[in-house]
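The values are calculated or read from the model by the stated rules, or taken from the named source; none is laboratory data. This structure is a prediction, so every number in the text was calculated from the model and none was measured. All Cβ positions, even for glycine, are placed from backbone atoms using ideal geometry, and neighbour counts span all protein chains on display.
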Amino acid sequence: MQQVTPTEEYHPGVFTTHNLSYKVPSTPGATPDGTPKPTNVTIVHSTKQLRLINQIATILSALTSKFSNHRINNSKQHLIPFVTEVFRRSKCTKKVILLSMYYFHKLHTFKLKSITNLPEFSRCAKRIYLSCLVIAHKFLNDQTFSMKTWQCISGLSSKDITTMERWCLGKLEYELLLDDDKLNMWVRNVLQKDSVNCVLVTMSKKRSRDVDADLEWYPRSKRTNCIY
């Protein structure tokens, strides 16, 4: 397995913006102020990304909300900007993302027989999901990121990432193989279905609000400077 490094240089704990520049379409329209209009393909792609991020954050929060305390915040609103940023930095494929979610769900549904005596990092949805993402990326790619690269992406030390990865692998009992049909079935029956159910339950506990607000990107001006 060969280790590779992204072509961009990441700075731990600092959001970068240079790779978010708008790419002008080959045959653009234009707004009155001269700004190119996004094509329909761009809009559809962005909507699908938002929906997937929303589904993932919903499930992550639902499975780990019981671990939240004054030090750990596993709320959906806190997880959406994290998921958005780690996907942007790592540029993982959709299959890697879905497989990592399968590992996370499997870990919290079947492998944690007791919530007592767990290491503190295992109660943090961000850290465990990052570990599952590292595992899925390694499993599906012959050329994978080095720990130094994951350190730059996450802002955590290589030692901490390695410790969390080994803990997750142990809990998963190294059962990582999953064929495409079973993964697609899990996405339909768990990721998409459970995320809808969790949203309905959450909405029933809140005052009336615009449902589409949960699908919007967090404005950069409102994000913190650290991914954790």
Unmet criterion (only one of (1) closer than 20 Å to N73 by Cβ; (2) in contact with a helix residue (DSSP H, G or I) (Cβ under 8 Å, 6 or more places away or on another chain); (3) of a type outside the set (A, V, I, L, M, F, W, C)) for G155:
(2)
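To keep it simple, each residue is scored yes or no on (1) at pLDDT below 90; (2) within 16 Å of Y102 (Cα to Cα); (3) not in a helix (DSSP H, G or I).
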| residue | (1), (2), (3) |
| --- | --- |
| I153 | no, no, no |
| L177 | no, yes, yes |
| V199 | yes, no, no |
| T202 | yes, no, no |
| R207 | yes, no, yes |
| Y218 | yes, no, yes |
| N225 | yes, no, yes |
Inspect region 155-167 for any residue being assigned to a helix (DSSP H, G or I), touching a residue at least 60 places away in the same chain (Cβ under 8 Å) and surrounded by 16 or more Cβ atoms within 10 Å (Cβ to Cβ) and give the result as yes or no.
no
Would you check if V86 is at pLDDT 90 or above, closer than 26 Å to T144 by Cβ and in contact with a Ser or Thr (Cβ under 9 Å, 6 or more places away or on another chain)?
yes
Hits in region 117-160 - residues which are closer than 13 Å to F67 by Cα and of a type outside the set (K, R):
N117, L118, P119, E120, F121, S122, C124, A125, I128
Test: S100 is under 19 Å from L50 (Cα atoms), small (G, A, S) and in contact (Cβ under 8 Å) with a residue 12 or more places away in the chain
yes
Restricting to region 67-88, what's the tally of residues that are more than 11 Å from A125 (Cα to Cα) and surrounded by fewer than 21 Cβ atoms within 10 Å (Cβ to Cβ)?
10
Select, from T58, T47, the only residue that is polar (S, T, N, Q), at pLDDT below 90 and either in a helix (DSSP H, G or I) or buried (at least 19 other Cβ atoms within 10 Å of the Cβ) (or both).
T47
Subset of region 135-148 that is over 17 Å from I97 (Cβ atoms) and out of contact with any strand residue (DSSP E or B) (no Cβ under 6 Å at 6 or more places or on another chain) - its residue that is surrounded by the fewest Cβ atoms within 10 Å (Cβ to Cβ):
D142
Spot the failing condition for M101; the list is (1) of a type outside the set (F, W, Y); (2) modelled with pLDDT of 90 or more; (3) surrounded by fewer than 20 Cβ atoms within 10 Å (Cβ to Cβ); (4) within 15 Å of I128 (Cβ to Cβ), and only one is missed.
(3)
I'm checking my understanding of the structure. Among residues of region 108-144 that are outside any helix (DSSP H, G or I) and of a type in the set (V, I, T), which one is modelled with the lowest pLDDT?
I115
